[in-house]
Structure formats: C-alpha cells, structure tokens
Amino acid sequence: MKMTRIFVAALAALGLSGLAWAASSGQRAPEHHHWHNAGPFGTFDREAVQRGLQIYQEVCASCHSLDLIKFRNLGETGGPFESAEFPNANDNPIVMQIAAGYMIEDGPDDAGDMFERPGLPSDAFPSPFANPQQARGSNGGALPPDLSLIVKARSHGADYVRSLLLGYDEEVPEDVHVAAGQHYNPYFPGGLLAMASPLSEGIVTYSDGTEATMEQMSEDIVTFLTWAADPHMEARKQMGVMVLLYLFIFAILVYIAYRQIWANVKH
Amino acid sequence: MSGPSTYEPKTGFTRWMDQRLPIIRLGYDSFVDFPTPRNLNYWWTFGGILAIFLVIQIISGIVLAMHYVPHESMAFESLERIRRDVKFGWLIQSMHANGASFFFVAVYIHMFRGLYYGSYKAPREILWILGVVIYLLMMATGFMGYVLPWGQMSYWGAMVITNLIGALPFIGDAIREWLWGGFSVGQATLSRFFSLHYLLPFVIAAVVALHIWALHVPGNGNPVGIEPKSKKDTLPFHPFYTVKDGFAIIVYLIVFAAFVFFLPNVLGHADNFIPADPLSTPAHIVPEWYYLPFYAILRAITFDIGPIDAKLGGVIAMFGAILILFVLPWLDTSKVRSMRFRPVTRVFFILFVLACLGLGWCGAKNPDDLVFAIGHDAEGVATGFKFVWFAQLLTFYYFAYFLIVLPVMGLIEKPLDRPASIEAAVLGTAKA
Ligand code: HEM
C-alpha cells in the first residue's frame with residue numbers, strides 16, 4: 001500500500017517535471033484560449049479551418065510556405081472539405097478548384113524545358129520563395145518559417161501563435177530599442193521579431209460572411225494551422241476512445257478472473 | 001527455483017519432440033509449472049510489462065523502418081510522411097515514441113523494486129548485473145533513436161552527448177571523430193545510429209533471455225526476502241501469475257493508450273518539430289526525460305578535482321552513477337534483503353528515490369535558475385538557491401547511498417524480526 005502511494009507520487013512528479021520544461025524564461029506566457037479541438041472529444045470546427053485556409057492563402061502565403069500540405073489533404077478525412085460524396089479527395093471539386101488556382105512548375109518536358117501548369121490535388125502548396133536565401137532577402141534577413149508544423153514546434157503552440165498574432169498592440173517598454181525592420185511583441189522570445197503584424201481588422205473578406213475581427217482571424221488561422229500540423233487528430237481521438245473502452249472491459253474481465261483464481265489462495 | 005521437471009508429454013507428437021528438442025518442456029517448466037512465491041505483489045509484474053514493451057518497440061520499430069529514410073535532408077520529412085500518409089503511420093509512430101518513455105518508466109520501477117527488496121543480493125547478482133547491462137543498452141538505443149527524426153533536439157542532443165566523449169584525455173577527440181564518422185554530427189552519424197538503433201534491441205532481447213535464465217535458476221525473490229522452503233510457499237506460475245501479470249499489463253496499457261491517443265507529443269520536445277539546423281543552437285538543449293537525472297549529475301560537477309577538469313569530472317560522475325550499479329551486490333553488506341525489515345535504511349531508500357526524482361528536475365532546468373529565491377542583489381536580480389547547487393547536493397546523496405549508507409547500515413542496523421517462512425508471513429503467524 002505504502003509502495004503504491006510512492007508510485008503514484010513518483011508518477012505525479014514525472015508529470016510535473018514534464019510541464020516544467022515548457023516554462024522558459026524571459027518571454028511572456030501565451031494567453032490560454034479554449035479551442036474547439038481541445039480535449040479527448042474535441043473536433044475541428046470545419047468552418048474555422050476553411051476560414052483559416054483563406055487567411056493563409058490571402059495573407060500568410062506571401063511569406064510562409066506550407067510544404068507538408070498537399071491540396072488533396074484538404075478533402076481527406078478530417079480535412080476542411082472532407083465530403084462523403086468524394087471519398088477519394090482527388091475527385092473533390094472544391095479541392096480541384098483550389099489546386100487549379102495555383103501555377104506549379106513541372107517538367108522537364110520532351111524538349112527538356114521546365115513549364116508551368118495549373119495545380120493538381122496531388123501537388124503541395126507552392127512556396128512563396130525559390131529558396132531560403134531569397135526568403136531571407138525579401139524579409140530583412142529573417143527567415144519566415146514553414147507553417148506546416150508551427151503549432152507543434154512551439155510549446156503550447158496554438159495559444160502561442162494566437163497570442164503572437166494578437167500581441168502587436170503592446171506599448172514598447174522603455175528599455176527596449178526597436179531597430180528598423182523589427183517589431184515589438186512580448187510573446188516572442190526576446191520581444192523583437194522581423195514580422196510586422198500580418199493581420200489587421202478586415203484584411204480579408206470572409207467568403208462565408210463572418211466578420212473579420214482580429215480575434216476571429218487569429219482563432220481561424222490557428223485552427224487551420226493546428227489541423228495542418230496534425231491532420232489525423234480526429235481519427236486518432238476516435239480510435240483512442242474505442243481502444244480505451246476495449247481495454248477497460250478487458251481489464252475488468254481479467255480482474256474477475258484473477259479474483260476467481262486467487263479466491264482460495266492466501267497471499 | 002528450478003526443481004526437477006514435472007512435464008509429461010501427452011501426445012505422440014510431444015513425446016517425439018521431447019526426445020529431440022525438449023523446447024515444450026522448457027516452456028512448460030519456465031512459464032506454466034514454474035514454482036513462484038505466493039506472496040509476490042504488483043511490483044513483481046513489471047518484468048512482464050517490460051517484456052511486452054520490448055515486443056511493442058521491436059514490432060513498431062520494424063514497421064517504421066520500412067518507411068523511414070536515414071538521410072540528413074530526408075529523415076525529418078520521412079517521419080512526417082509516416083505520420084500523414086502511411087496508413088495508421090501516426091499510430092505506429094506514436095506507439096514507438098511513447099513506448100520508449102513507458103519502457104523507461106517500467107524499467108525504473110523494476111529497478112527501484114530491486115533496490116527496495118534487495119533483489120540484487122546472492123544468489124541473484126548475475127541476474128541484477130544482466131539487468132544493468134540491459135539498462136545500458138536501453139539508454140544507448142533510446143539515445144540513438146531520438147537522433148533519427150533529425151529535428152533540432154535530435155541534432156543538438158547528439159552533439160552535446162557525443163561531445164562528452166571529447167572530454168576524455170588524449171584519446172577523446174579521436175574517439176569522438178570515430179563515433180561521428182566525420183568532423184561533426186552529420187550524415188555518417190545518422191546512418192550509423194540508424195543501423196545500431198535497429199541492431200541493439202535484438203541484443204537487448206538476447207540479454208533478456210539470459211536475464212530470465214538467470215532468474216529461473218534461483219527463482220523469484222519476494223517481498224519478505226525469504227527463500228521458499230516448502231511447496232506451501234510457492235504457486236505454479238500459471239494460472240496464478242499469468243492472470244496477475246496479465247491484469248497489470250492491461251492496466252499499464254490503459255495509461256499507455258491514454259498517451260498514445262490523447263497526448264502523443266507531451267513527452268517530447270517542441271523543438272524536435274523543427275528540422276535540424278547546424279547553424280542555429282536551441283536556447284535550452286535538454287535530453288529525453290529518462291536521461292535527465294544523469295544529465296543533472298553531469299552538470300553538477302562544476303569544479304576541477306586535482307588533475308581532472310570539471311568537464312571530465314562530470315562525465316566520470318555520470319557514467320559512474322550507472323556503473324556503480326554493477327558492484328551494488330557487494331556494496332550492500334546487509335544479509336537482510338527486504339527493506340521491510342530495515343527500518344532505518346528504508347528511510348534512506350525513500351530519500352534516494354526522492355533524490356533521483358530531484359535530479360531529474362534539476363536536469364530539466366537551467367543550472368543557474370533558482371529553486372527558490374531569497375532576496376535580490378544590488379541590481380535587483382533575484383538571488384537564491386540555484387539548481388546547480390541542488391544538483392550537487394543530490395549527486396552527493398546519490399553516491400553516498402551506495403558508498404556509505406548501504407555498506408555501513410548493513411553492519412550497524414538491527415533488522416526487525418523476520419517471519420520463519422513465506423507461508424508464515426502470508427498466514428500472519430509472524431509480522432511481515
Ligand atoms: C528489457 C528490460 C527487462 C526485462 C524484459 C526484464 C524482465 C524481467 C522479468 C520477466 C523478471 C521476473 C518478474 C519480475 O520480477 O518482475 C525480472 C526480474 C528481475 N529483474 Fe528484470 N527485466 C528487464 C530489465 C531489468 C533491469 C534494467 C534490471 C536492473 C538493473 C533488472 C533486474 C531484475 C532483478 C534483480 C530481477 C529479480 C527480482 C526478484 O525476483 O526479486 N531487470 N526481470
């Protein structure tokens with residue numbers, strides 16, 4: 001019994017030390033936000049992911065790549081345009097239409113030349129820059145990171161990116177010197193980054209009529225990026241519920257068997 | 001406790017087999033009729049749990065290796081492809097990554113069990129030493145596995161750890177280059193780590209076979225630490241312990257599944273979702289949680305000891321912390337196995353467990369951060385008790401436990417009265 005208590009305490013301590021990692025120094029802790037996809041049963045709000053896609057396309061895509069996302073992913077299970085009618089996302093007309101809106105370099109053709117053609121569902125979102133050097137060159141030396149995994153690549157990533165996008169209005173503290181091309185944001189490590197506030201009230205006109213407030217847009221883009229970082233989240237949680245249910249029942253049966261077998265044995 | 005075999009082949013085939021390769025007999029004697037003390041508690045189920053996790057790691061790892069590409073510029077992306085495009089790849093990847101952590105949780109519990117119940121004492125020294133060999137192999141395997149995703153923490157973790165070797169006098173640099181296969185962590189390092197990461201689990205499996213063999217000669221120890229004396233002290237392994245181990249394994253799998261499906265990344269580090277970049281060092285390089293106590297010991301040695309500089313001293317202390325386990329059976333002078341009957345040493349043991357957890361905590365922290373603050377200095381910066389001092393204190397206790405407490409207490413402590421036999425302990429004729 002005593003050992004059991006020690007065991008529980010040890011596990012708790014391990015859990016705490018895990019959390020302690022996240023807290024790093026200097027930078028302001030991101031504001032906690034309640035996400036539709038949080039918790040064991042949380043799902044993606046499809047409309048929010050769609051609106052987030054629109055923000056990515058119309059705002060972020062001019063600087064940030066999204067290398068790991070292919071157009072077909074948008075129509076796959078768990079994606080924003082998943083449709084029962086088109087189990088094969090490559091046939092999904094919305095996906096085809098979005099893909100066709102991009103010109104993709106392909107080739108070489110029979111004459112050995114590279115050529116451009118409209119995008120296909122199997123293509124990935126094209127990068128805004130040909131290479132990292134060009135990306136830096138256009139951004140005052142700073143590299144806009146690829147956004148496919150950004151939510152996983154920062155601790156408390158969803159809250160962090162949302163806070164970052166909303167954190168530009170802060171008064172610059174007196175002891176902080178903001179050089180040209182730098183912008184103050186207390187949520188960024190060190191407080192100064194090369195990205196100016198990418199969002200502003202009404203910068204996009206949502207096709208579904210939602211009002212494009214700062215709050216709304218930052219929630220939507222982060223929801224989209226959360227999906228992009230973990231497109232199988234819903235399938236994962238659904239399977240998890242079934243697996244846990246199965247294991248619970250299995251555990252109860254085995255426990256009953258255990259009591260039965262040990263019933264007449266002193267131990 | 002291996003006794004005469006009680007196996008009787010019943011069919012023509014099993015009789016034929018028994019005279020040629022008595023493998024069914026071996027299985028029967030080892031896992032069916034094996035006499036097992038009747039008083040084993042749940043701490044004895046972790047060996048079985050470990051065996052299951054070894055299998056989970058090997059199977060999930062083999063599937064991952066079918067899709068993984070051990071190349072500097074492709075490894076990171078190939079793992080994302082596994083997560084995104086391979087059917088159930090996200091599941092296999094999550095099982096393997098979290099499985100490593102659960103493997104280590106189980107092995108730590110298994111080892112602390114051994115420390116508490118004196119499982120390392122005669123006649124189980126070899127069993128214990130094989131365990132320490134397994135543990136070392138697990139550490140190496142886990143370390144090399146963590147490098148494979150080729151994220152920022154993979155790369156810089158590998159850099160920090162391999163650089164430790166460079167602290168060895170005279171031969172350090174040469175060995176480090178030999179490990180790297182070049183002048184830095186790079187493609188050659190990744191290729192060889194992948195090769196070894198695939199190989200070592202099978203070496204572990206082989207040592208586990210020896211471990212179980214060494215277990216089945218003296219038989220299991222037990223919580224009172226008194227060897228079985230008569231048939232009344234033991235029960236056949238099957239069905240009594242198959243069902244008890246089975247129950248424990250399922251409960252452990254429930255916790256495991258909760259992580260695999262609902263918290264797949266909390267045990268990892270966010271920086272490892274950034275592709276490795278040799279030009280940008282992360283702000284805090286921390287190893288996987290299961291190395292943190294040793295990382296803390298490494299960084300606790302901040303002073304030169306005679307001709308040994310602080311860096312080498314840290315490396316020696318870190319490896320010493322593990323290697324000392326090899327001689328543990330001869331450091332503990334007490335004839336009494338179980339801490340149940342060692343009231344004073346038992347308190348030292350509990351402190352030892354806390355010290356290990358505390359070292360883990362220090363390992364995750366910046367050494368100059370404060371455990372608690374006491375006032376401010378002239379510039380208004382908080383001063384107080386630094387993590388590096390805390391780590392030094394705990395490192396001292398870690399070694400003192402093995403080098404002072406166990407040798408001395410065995411000589412001076414008066415143990416409590418022990419029951420005459422397991423049967424007596426179980427029936428309560430004597431206090432257990
Ligand atoms: C892959 C890793 C390992 C596996 C699969 C494994 C397996 C087992 C099994 C099945 C048992 C018998 C059941 C039990 O007592 O829990 C056992 C006992 C034992 N193991 Fe391990 N083990 C592993 C690692 C270790 C390590 C790292 C150590 C110590 C450094 C260790 C030390 C012991 C000792 C001392 C016993 C005997 C305990 C007693 O009967 O009192 N093992 N192991």
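List of remarks:
- A:V241 falls short on exactly one of the conditions (1) under 30 Å from the mean Cα position of the chain (by Cα); (2) surrounded by fewer than 18 Cβ atoms within 10 Å (Cβ to Cβ); (3) more than 9 Å from chain B (Cβ to nearest Cβ), and that condition is (3).
- Of the residues making up segment B:282-301, those that are in a loop (DSSP other than H, G, I, E, B) and in contact with a Gly (Cβ under 8 Å, 6 or more places away or on another chain) are B:I285, B:V286, B:P287, B:E288, B:I301.
- Checking each residue in segment B:89-115 for being at the interface with another protein chain (Cβ under 9 Å from one of its Cβ atoms) and either within 16 Å of the ligand (Cβ to nearest atom) or of a type in the set (A, V, I, L, M, F, W, C) (or both) picks out B:W90, B:L91, B:V105, B:Y108, B:I109, B:F112, B:R113.
- Meets criteria (touching a residue at least 24 places away in the same chain (Cβ under 8 Å) and crowded, with 22+ Cβ neighbours inside 10 Å) for B:F112: no
- If you check A:F125, A:F115 for being surrounded by 14 or more Cβ atoms within 10 Å (Cβ to Cβ) and among the aromatic types (F, W, Y), only one passes: A:F125.
- Set B:V207, B:V203: member being of a type in the set (A, V, I, L, M, F, W, C), within 15 Å of the ligand (Cβ to nearest atom), closer than 30 Å to B:I350 by Cα and away from chain A (no Cβ under 14 Å): B:V207
- Any chance B:Y135 is more than 10 Å from the ligand (Cβ to nearest atom) and in contact (Cβ under 8 Å) with a residue 24 or more places away in the chain: no
- Among the residues of segment B:221-240, at least one is within 7 Å of another protein chain (Cβ to nearest Cβ) and in contact with a Pro (Cβ under 8 Å, 6 or more places away or on another chain).
- Restricted to helices (runs of 4 or more DSSP H) entirely inside segment B:171-281, those with at least 1 residues that are closer than 27 Å to B:P419 by Cα are B:187-216, B:237-262.
- Set A:V178, A:V222: member being under 16 Å from A:N37 (Cβ atoms) and more than 14 Å from chain B (Cβ to nearest Cβ): A:V222
- Picking from residues in segment B:116-128 that are part of a helix (DSSP H, G or I) and within 7 Å of the ligand (Cβ to nearest atom), the one that is nearest to B:P218 (Cα to Cα) is B:L127.
- Tabulated pairs, segment B:191-204, first of a type in the set (D, E, K, R), second modelled with pLDDT of 95 or more, C-beta under 7 angstrom, 6+ apart or interchain: B:R192/B:G181
- Top-ranked residue in segment B:251-263 [being within 9 Å of chain A (Cβ to nearest Cβ) and more than 16 Å from the ligand (Cβ to nearest atom); ranked as surrounded by the fewest Cβ atoms within 10 Å (Cβ to Cβ)]: B:V255
- Among the residues of segment B:116-133, those identified as away from chain A (no Cβ under 14 Å) and either farther than 11 Å from B:P329 by Cβ or under 10 Å from the mean Cα position of the chain (by Cα) (or both) are B:L130, B:G131, B:V132, B:V133.
- All helices (runs of 4 or more DSSP H) inside segment B:365-432 with 2 or more residues being closer than 28 Å to B:I297 by Cβ: B:387-400, B:406-412
- Residue match in segment B:363-370 (condition: surrounded by fewer than 19 Cβ atoms within 10 Å (Cβ to Cβ), under 29 Å from B:L325 (Cα atoms) and not polar (S, T, N, Q)): yes
- Long-range neighbours under 6 Å by Cβ, at least six apart or interchain, first residue in contact (Cβ under 8 Å) with a residue 60 or more places away in the chain and closer than 27 Å to B:P236 by Cβ within segment B:40-62, second acidic (D, E) and buried (at least 20 other Cβ atoms within 10 Å of the Cβ): B:T45/B:D245; B:G48/B:D245
- Complete set of residues in segment B:264-292 that are more than 9 Å from chain A (Cβ to nearest Cβ) and over 23 Å from B:A75 (Cα atoms): B:Y290, B:Y291
- Residue tally, condition assigned to a loop (DSSP other than H, G, I, E, B) and either among the small types (G, A, S) or not assigned by TED's automatic domain parsing to the domain that holds A:D208 (or both), over segment A:27-54: 4
- When segment B:151-166 is filtered for residues that are touching a Lys or Arg at 6+ places or on another chain (Cβ under 8 Å) and of a type in the set (S, T, Y), only B:T162 remains.
- Hey, B:F341 farther than 28 Å from B:G320 by Cβ and crowded, with 16+ Cβ neighbours inside 10 Å or not: yes
- Residue match in segment A:26-46 (condition: within 14 Å of another protein chain (Cβ to nearest Cβ) and basic (K, R)): no
- Only one of the numbered conditions (1) touching a residue at least 60 places away in the same chain (Cβ under 8 Å); (2) more than 14 Å from the chain's Cα centre (by Cα); (3) buried (at least 20 other Cβ atoms within 10 Å of the Cβ) is violated by A:L66, and that is (2).
- A single entry from B:T345, B:T333 fulfils the requirement of being in a loop (DSSP other than H, G, I, E, B) and either away from chain A (no Cβ under 14 Å) or at pLDDT below 95 (or both): B:T333.
- Taken residue by residue, segment B:177-186 has at least one member that is closer than 25 Å to B:V132 by Cβ and touching a residue at least 12 places away in the same chain (Cβ under 8 Å).
- None of B:A248, B:A214 is within 11 Å of the ligand (Cβ to nearest atom), more than 10 Å from every other protein chain (Cβ to nearest Cβ) and aliphatic (A, V, I, L, M) except B:A214.
- Criterion violated by A:G141 - all others in (1) within 30 Å of A:N37 (Cβ to Cβ); (2) within 14 Å of chain B (Cβ to nearest Cβ) satisfied: (1)
The values are calculated or read from the model by the stated rules, or taken from the named source; none is laboratory data. Note that this is a predicted model, so its numbers are computed, not measured. Here Cβ is always computed from backbone atoms with ideal geometry, including for glycine, and neighbour counts include all displayed protein chains.
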